[in-house]
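Single-structure report; data block below.
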Amino acid sequence: MSVAEITEIALEQAPPTGLWRDAFRRMRRNPGAIFGLFVIGFFAFVAIFAPLIAPFDPRHQDLSLIVDGCCPGPSRDHLLGVDDLGRDELSRLIYGARYSLLIGVVAVTVGLTLGMFLGATAGYFRRLDGLIMRLMDIMLAIPGFLMAIGIVALFGGGGLLQVMLAIGIVNVPIFARLMRGSILGQRETDYVLAARAIGVPGRQILGSHIMPNAISPVIVAGTLALATSIIDAAGLGFLGLGPQDPATPEWGTMLTGTVRYLQTQPLLAIFPGLAIVIVVMGFNLLGDGLREALDPKLRGRA
Amino acid sequence: MRKILKAGVALGALSLLVAAVASGSAEGQAQAKDTLVFATEGEPTFLDPAIVSDGPSLRVADQITEGLVTVKPGTTKIVPDLATSWTGSNGGKRWTFKLRGGVKFHDGTPFNAQAVCANFNRWYNFPAAFQPDSVAYYYYTVFGGYRKPAQGITSDPLFSSCQVVNASTARINLRKPSASFIAALSLPSLSMQSPTALKKYKANAGTLSADGVLRPSGTYATEHPTGTGPYKFKSWKIGDKLVLERNDSYWGKKAKLKQVILRAIPDNAARLQALQSGEIDGYNLVEPQDISTIKRNSSLKIIDRPAFNVGYVTINSAKAPMNKLLVRQAVAHGLDREAVVKSFYGGRAQVATQFMPPQLFGWAKDVKKYPYNPARSRQLLQQAGLTLPVEIEFWYPTDISRGYMPDPQRNFQAFAASLENSGFKVVAKSAPWRPDYVARVQAGNAGHLNLIGWTGDFGDPDNFIGTFFRTPQNTWGPINPKIHAILNAALRETDLEKRTLTYQQANRLIMANLPGVPYVHTKPALAFKKSVRGYVASPIELEPFAPVSK
């Protein structure tokens, strides 16, 4: 980049803007990202206000609604029909949003925190690099979902907390690698050398100088990981490793119960499936939008 | 990187699936005429019938081994099998069996009086690990005790000795008269197995885990079951299939089909799909909601099984506060049995008022009934001095489907909800049927309440309430000893009219004491391809595949 170009950009964009404000401005012009944000916003809204929106209690059974051993489809009272125990499907989906979002956010937070810590340590304190990264390689060598099942079993069988921890741990090596790569790119830059030269302690250089500059790819990966986490959680729920109370309106768990009625009432499987697809798509669109917005190569364009 | 990995995994899985489908159909064509592929609801536990009590295991035993007596197909009437005739003497304490000649076990060992005594003595001398009712269930419930009773086995043995009169005559001496003894010998668990094979493959060695599950150390129960039946064991791969082969030197009418393959498909929908796709020829336990689908399909048919079962919730009185009658009554009033039976069984079931079906003699009309009444439940709990809600553990099995509970989890959820309306707080627990759930319940290591049920094995009330309550069992914890006494009296009674009255009295006593809550009798259904002929559904699920053709 020549001096002339820098002057040009600076002139165009005065006053100078921060990384995040800049990114947000670019993202606003990306229809996909806006749509993703909208979808996520919608699901978050539904999850938070579930008790106000849902027409029924998601655990309330009305066995008298069941006809011929299974479940009548949509009707005026029950817009998406009822499940095999006469519970309102719509209300269960609405409450299910809570579980899916909670699992996604907690799992990614766990993965992100541990991953970033390990990655940053490996990237900055080079002596630990070999040890930490080989450990991460070992974890990456095991298929993610399989490892999640193993971890759930290790934590004493199924359960909401176990699922969140398992998915979080599976995500650790991904974040650790990204963080390390990003740190490696920063640690030899001039401003770091300068900081080191004036005697700033290593921990502070890492925390206050390198981190803020190295974090953006990790944030993008985190958003995308939210999507895969929700899928993995639904998968674990489907296998019966999710919340142990079968009445829990978790989307994956809801899907498990419907397999038996695929031939009689396929809608029971379709609705939770659609919910999972839409929310995952939302996170993917948002993640892609963020990546484009934060990519330094695209900065100044758009 | 991760995406590529995922795509790779997906691709791998897909190609496996394609391969499986392809090989499945190829196999399907190859086995067309002389093989029956039957899907059962679960994997067998073990293949040694003496140490199992679950349907999938006993179904295998029905084909491989035979008892001294059996039942007439489709009924509960006792007819000769390996014994051609028998006589009782000494007031019903000495039984002499004339044995069928020229019969050989699959390994070539001749069947004779020595073999009969070897089997009886084997059961009587079972080591401690085999004795609990979670293992040698049927022997224990019919014969009560062992030569060297293990800790916890308190009842007296019924069996005294077995005498070889001559090669074709065996005599069984009992310590007291028993009226249900002969009928009980039709149980697959009391069938005759080759003494040579039992010894060679160490059928009597094994250890008991802390929660009452037997782990045999020999290979008899998993690889070498040996009987005299029309089919012999070929192979068993857990998770895949169990293969039986025609016994060409069978003493009676030989089996029509060369091979029978039993596949465990615990998932109901998957069983239906397998039948629709032609992968299997038939399956047990059709779900109520699938019956109309099958009836509409012109190449499939439904076979009704006569109702002979009871689904119930056990109450473990060893766990406080279930020792209080008021709390047990609250449980009974808190289970919405009417709604469950009406909604989940597609009109093929009735609410059970006691622990045996109404077709059987001894059923009592005037037992105490406990209609669903949440307010009454809460009141009873408060009377018992408890603070609401009362927290209880409620267990249900997974990976299993039974006529009396096509979908255990669904029954559980409905009951859990109705109990929560009735002042209880339900903690949900589950375990896979094989091999943990049943053993845990029978060892008393499951919850306050447990979902389970029973399909009758022979047409005698002793096989229902006698099996459950004649001897003290960990399933229920301590129960009113009068119940044990009256059922023992009924067992000794040889006059049918007096027996009937005694059993009615027992049923009234049981339902007043509430060791558990029975809730359903169902008429289960089987589904077959129309081309399958000769399958006779038995009320007690004793269904030899020998007469089946296609």
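Things to note:
Residue-wise test of (1) modelled with pLDDT of 90 or more; (2) part of a loop (DSSP other than H, G, I, E, B); (3) among the charged types (D, E, K, R).
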{"site": "B:4", "(1), (2), (3)": "no, no, no"}
{"site": "B:25", "(1), (2), (3)": "no, no, no"}
{"site": "B:62", "(1), (2), (3)": "yes, no, yes"}
{"site": "B:74", "(1), (2), (3)": "no, yes, no"}
{"site": "B:91", "(1), (2), (3)": "no, yes, no"}
{"site": "B:97", "(1), (2), (3)": "yes, no, no"}
{"site": "B:107", "(1), (2), (3)": "yes, yes, yes"}
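- Residue A:111 satisfies every condition listed in (1) of a type outside the set (D, E, K, R); (2) within 14 Å of another protein chain (Cβ to nearest Cβ); (3) over 30 Å from residue A:292 (Cβ atoms) except (3).
- Highlighted here are the helices (runs of 4 or more DSSP H) found entirely within the stretch A:15-102 that include at least 2 residues which are small (Gly, Ala, Ser): A:31-48.
- Long-range neighbours under 7 Å by Cβ, at least six apart or interchain, first residue in contact (Cβ under 8 Å) with a residue 60 or more places away in the chain within the stretch B:351-378, second loosely packed, with under 15 Cβ neighbours inside 10 Å and not charged (D, E, K, R): B:368/B:512
- Just one residue in the set B:379, B:413 is touching a Pro at 6+ places or on another chain (Cβ under 8 Å), in a helix (DSSP H, G or I) and either within 29 Å of residue B:286 (Cβ to Cβ) or not assigned by TED's automatic domain parsing to the domain that holds residue B:290 (or both); that residue is B:413.
- Residue identified as touching a residue at least 12 places away in the same chain (Cβ under 8 Å), in contact with a Ser or Thr (Cβ under 9 Å, 6 or more places away or on another chain), among the β-branched types (Val, Ile, Thr) and within 14 Å of chain B (Cβ to nearest Cβ) among A:82, A:105, A:67: A:82
- Within the stretch B:421-436, the residues that satisfy the criterion of being within 24 Å of residue A:156 (Cβ to Cβ) and within 14 Å of another protein chain (Cβ to nearest Cβ) are B:425, B:426, B:427, B:428, B:429, B:430, B:431, B:432, B:433, B:436.
- When residues in the stretch B:277-301 are screened for being within 14 Å of another protein chain (Cβ to nearest Cβ), part of a loop (DSSP other than H, G, I, E, B) and aliphatic (A, V, I, L, M), 2 of them pass.
- The residue that is surrounded by the fewest Cβ atoms within 10 Å (Cβ to Cβ), counting only those in the stretch A:226-273 that are of a type in the set (Ser, Thr, Tyr), within 12 Å of another protein chain (Cβ to nearest Cβ) and assigned to a helix (DSSP H, G or I), is A:256.
- Members of the stretch B:378-420 found to be more than 9 Å from chain A (Cβ to nearest Cβ), closer than 20 Å to residue B:438 by Cβ and of a type in the set (Asp, Glu), listed by number: B:393, B:399
- Restricting attention to the stretch B:257-273 and to residues that are touching a Lys or Arg at 6+ places or on another chain (Cβ under 8 Å) and within 14 Å of chain A (Cβ to nearest Cβ), the residue that is surrounded by the fewest Cβ atoms within 10 Å (Cβ to Cβ) turns out to be B:267.
- Of the residues contained in the stretch A:76-88, none is found to be of a type in the set (Gly, Ala, Ser), within 30 Å of residue A:262 (Cα to Cα) and exposed (fewer than 14 other Cβ atoms within 10 Å of the Cβ).
Residue-by-condition table, conditions (1) away from chain A (no Cβ under 13 Å); (2) part of a strand (DSSP E or B); (3) over 30 Å from residue B:472 (Cβ atoms):
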site	(1), (2), (3)
B:303	yes, yes, yes
B:307	yes, no, no
B:313	yes, yes, no
B:320	yes, no, no
B:323	yes, no, no
B:333	yes, no, no
B:340	no, no, no
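- Any hit, the stretch B:464-472, residues being within 20 Å of residue B:510 (Cβ to Cβ), modelled with pLDDT under 90 and within 14 Å of the chain's Cα centre (by Cα): yes
- Neighbours by Cβ (under 6 Å, 6+ apart or cross-chain): first from the stretch B:138-150, touching a residue at least 60 places away in the same chain (Cβ under 8 Å); second outside any loop (DSSP other than H, G, I, E, B): B:138/B:189; B:139/B:123; B:141/B:467
- Taking each residue of the stretch B:468-479 that is farther than 19 Å from residue B:310 by Cβ and looking for partners that are hydroxyl-bearing (Ser, Thr, Tyr) with beta-carbon atoms closer than 9 Å, six or more apart or interchain, yields B:472/B:154; B:472/B:155; B:474/B:134; B:477/B:317; B:478/B:317.
- Test for residue B:451: is it buried (at least 22 other Cβ atoms within 10 Å of the Cβ), within 30 Å of residue A:60 (Cβ to Cβ) and among the hydrophobic types (A, V, I, L, M, F, W, C): yes
- Residues satisfying the stated conditions in the stretch A:133-159, i.e. free of Cβ contacts under 8 Å to residues at least 12 places away in the same chain and assigned to a loop (DSSP other than H, G, I, E, B): A:142, A:143, A:155, A:156
- Against the list (1) over 18 Å from residue B:473 (Cβ atoms); (2) small (Gly, Ala, Ser); (3) outside any helix (DSSP H, G or I); (4) touching a strand residue (DSSP E or B) at 6+ places or on another chain (Cβ under 9 Å), the condition residue B:118 fails is (3).
- Scanning the stretch B:363-400 for residues that are among the small types (Gly, Ala, Ser) and over 11 Å from residue B:330 (Cα atoms) gives B:364, B:385.
The values are calculated or read from the model by the stated rules, or taken from the named source; none is laboratory data. Note that the structure is a prediction, hence the values are computed from the model and not measured. Glycine also receives a Cβ, built like all others from the backbone with ideal geometry; neighbour counts cover every protein chain displayed.
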